[in-house]
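Inspection log for the structure reproduced underneath, given as structure tokens.
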Amino acid sequence: MISVMMPVYNAARFLRPAIESILNQTEQNFELIIVNDGSTDNSEEIVFSYTDSRIRYVRQENKGEGAAREVALELAEGDFITFQDADDISLPYRLQLLKGRFASPDIGLVHSDMVLIDDTDRAIGYWASSNIDRSRLLRFFLKVGTPFNNPTMMLRRESMQAFHYDAAIRIGVDTDMVFNIAPKWNSVHIPEPLLLYRRYAQSLSRQGDYDTLALHVRKFILQHSLSELFPEFAWNQQEESDLQAMASALMALFLARRGMIYDVPEWLAKAKMYESSIETKNFITAIENILSGNFTNAAFLLEQCAKNDYVVENYLGEVKALLGNFEQAFQHFWRSLQLNPLYFEPADNLKALGKCRGAHSVDVTWTKFAGR
């Protein structure tokens with residue numbers, strides 16, 4: 001059986017089609033757990049208009065999405081857990097296709113693409129995701145966030161047994177869940193849109209203040225050591241204080257690129273506290289120059305660092321690319337990859353260069369609409 005978890009807060013406008021999109025699934029072996037998180041509109045009245053025995057309804061005072069999801073998780077009796085937001089729409093075969101991809105016991109989650117719709121059901125975009133090797137998940141979480149379309153996921157019940165939703169997190173509730181579960185299980189991606197994900201002015205305006213938005217990322221960072229988050233450094237072979245300094249500087253850079261600008265000074269201060277060599281100081285100062293947009297000075301400082309260092313070569317490539325010199329950037333990325341084929345930053349940067357110079361895809365079917 002599948003347990004479908006639906007937290008509801010003042011969702012009356014879209015609630016009926018959301019519920020019916022689950023009730024009308026081709027896969028009928030499910031329970032729909034609706035947790036009303038203190039709605040003040042007529043959401044409850046809409047839920048009560050359904051007499052389907054598979055609907056389980058709970059009302060609580062307003063405690064936030066995390067608390068509502070935790071209640072639903074505690075009530076869930078299914079072998080698989082999936083999600084349905086109160087303003088989204090599942091396509092009729094969504095549950096059937098997701099459940100059918102759990103072909104082996106090591107698969108913990110299955111996810112799909114989704115179509116974005118507005119408040120009038122008009123399609124406004126397409127979000128594709130893909131599978132990512134588990135060894136790269138921590139870096140992806142740090143630099144970007146979740147690699148999946150979280151609302152599309154279905155998880156094996158066992159994968160969530162040790163997990164509890166954090167009621168303190170208001171933004172990124174499901175991403176916090178992915179942080180804790182995905183690295184431990186294999187995943188399967190269905191490259192089809194199985195969910196219509198609604199985005200509109202009111203939903204976007206619910207985004208919180210800076211600390212609210214940053215909380216789940218900060219929590220993720222606290223759960224991991226610098227050596228886990230920056231495995232490219234030879235932690236057992238080099239001076240640890242210098243490696244901590246370089247990793248802290250890169251943390252500042254990654255967070256700045258995610259928009260977490262108020263966390264940057266703390267990590268730069270840590271970097272300077274750990275530095276114990278001129279080369280490390282040059283690296284940290286180079287990162288500061290990247291942050292301030294002084295790419296020429298950043299390149300000069302990186303060139304003063306140790307030769308044949310694949311991390312330095314990669315960031316030399318980055319500043320060359322930021323200066324518009326793609327040919328030199330390519331050479332630095334290629335050199336970095338030759339020095340350490342397991343270091344995936346230069347490979348990602350080579351891919352980025354390729355996209356800037358004109359990306360090509362094996363699948364060219366989309367071109368039939370180009371220029372229209």
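Numerical summary
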{"quantity": "Odd one out for Phe233 among (1) closer than 29 Å to Leu337 by Cβ; (2) open to solvent by 20 Å² or more (accessible area, probe 1.4 Å); (3) of a type in the set (Phe, Trp, Tyr)", "calculated": "(2)"}
{"quantity": "Hits in region 158-167 - residues which are open to solvent by 70 Å² or more (accessible area, probe 1.4 Å) and either in contact with a helix residue (DSSP H, G or I) (Cβ under 6 Å, 6 or more places away or on another chain) or in contact (Cβ under 8 Å) with a residue 24 or more places away in the chain (or both)", "calculated": "Glu158, His164"}
{"quantity": "Complete set of residues in region 168-187 that are open to solvent by less than 10 Å² (accessible area, probe 1.4 Å), hydrophobic (A, V, I, L, M, F, W, C) and closer than 18 Å to Ala68 by Cβ", "calculated": "Ile169, Val173, Met177, Val178"}
{"quantity": "Answer residue from region 300-359, given it is acidic (Asp, Glu) and open to solvent by 40 Å² or more (accessible area, probe 1.4 Å) and is nearest to Lys281 (Cα to Cα) among those", "calculated": "Glu303"}
{"quantity": "Test: Pro191 is at pLDDT 90 or above, open to solvent by less than 70 Å² (accessible area, probe 1.4 Å) and under 30 Å from Pro105 (Cβ atoms)", "calculated": "no"}
{"quantity": "Residues satisfying the stated conditions in region 81-101, i.e. open to solvent by 30 Å² or more (accessible area, probe 1.4 Å) and under 13 Å from His111 (Cα atoms)", "calculated": "Gln96, Leu97, Lys99, Gly100, Arg101"}
{"quantity": "Cross-chain or 6+ apart pairs with Cβ under 6 Å, region 168-181 first and closer than 15 Å to Leu142 by Cα and modelled with pLDDT of 90 or more, then open to solvent by 10 Å² or more (accessible area, probe 1.4 Å) and of a type in the set (A, V, I, L, M)", "calculated": "none"}
{"quantity": "Among the residues listed as Ser49, Ser43, Ser21, the single one being at pLDDT 95 or above, more than 20 Å from Ser187 (Cα to Cα) and surrounded by fewer than 14 Cβ atoms within 10 Å (Cβ to Cβ)", "calculated": "Ser49"}
{"quantity": "Residue match in region 143-157 (condition: surrounded by 14 or more Cβ atoms within 10 Å (Cβ to Cβ), aromatic (Phe, Trp, Tyr) and modelled with pLDDT under 95)", "calculated": "yes"}
{"quantity": "Region 57-73, subset outside any helix (DSSP H, G or I) and either among the polar types (S, T, N, Q) or open to solvent by less than 10 Å² (accessible area, probe 1.4 Å) (or both), residue farthest from Tyr197 (Cα to Cα)", "calculated": "Gln60"}
{"quantity": "Residue match in region 44-56 (condition: in a strand (DSSP E or B), more than 17 Å from Val173 (Cβ to Cβ) and either aromatic (Phe, Trp, Tyr) or free of Cβ contacts under 8 Å to residues at least 12 places away in the same chain (or both))", "calculated": "no"}
{"quantity": "Scan of region 1-43 for residues that are more than 14 Å from Tyr93 (Cα to Cα) and assigned to a helix (DSSP H, G or I), ordered by number", "calculated": "Ala12, Arg13, Phe14, Leu15, Arg16, Pro17, Ala18, Ile19, Ser43"}
{"quantity": "Among the candidates Ile132, Ile117, Ile124, residue that is out of contact with any helix residue (DSSP H, G or I) (no Cβ under 9 Å at 6 or more places or on another chain), open to solvent by less than 60 Å² (accessible area, probe 1.4 Å) and either of a type in the set (Val, Ile, Thr) or at pLDDT below 95 (or both)", "calculated": "Ile117"}
{"quantity": "Hey, Lys368 in a helix (DSSP H, G or I) and either in contact with a Cys (Cβ under 8 Å, 6 or more places away or on another chain) or modelled with pLDDT under 90 (or both) or not", "calculated": "yes"}
{"quantity": "Output for region 103-114, where each listed residue is crowded, with 18+ Cβ neighbours inside 10 Å and either under 15 Å from the mean Cα position of the chain (by Cα) or over 24 Å from Glu228 (Cβ atoms) (or both)", "calculated": "Leu109, Val110, His111, Ser112, Asp113, Met114"}
{"quantity": "Candidate set from region 275-299 (those that are hydroxyl-bearing (Ser, Thr, Tyr) and open to solvent by 70 Å² or more (accessible area, probe 1.4 Å)); member that is nearest to the chain's Cα centre (by Cα)", "calculated": "Ser292"}
{"quantity": "Hey, Ala269 farther than 17 Å from Leu142 by Cβ and surrounded by 22 or more Cβ atoms within 10 Å (Cβ to Cβ) or not", "calculated": "no"}
{"quantity": "Of all residues in region 130-175 being closer than 24 Å to Ala86 by Cα and charged (D, E, K, R), the one that is nearest to the chain's Cα centre (by Cα)", "calculated": "Asp174"}
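The values are calculated or read from the model by the stated rules, or taken from the named source; none is laboratory data. Everything quoted here is computed from the prediction, not taken from an experiment. Using ideal geometry, Cβ is built from the backbone for each residue, glycine included, and neighbour counts are taken over all protein chains shown. Surface areas here come from the heavy atoms of the whole protein model, side chains and all, with no ligands, DNA or RNA. Shrake-Rupley method; radii C 1.70, N 1.55, O 1.52, S 1.80 Å.
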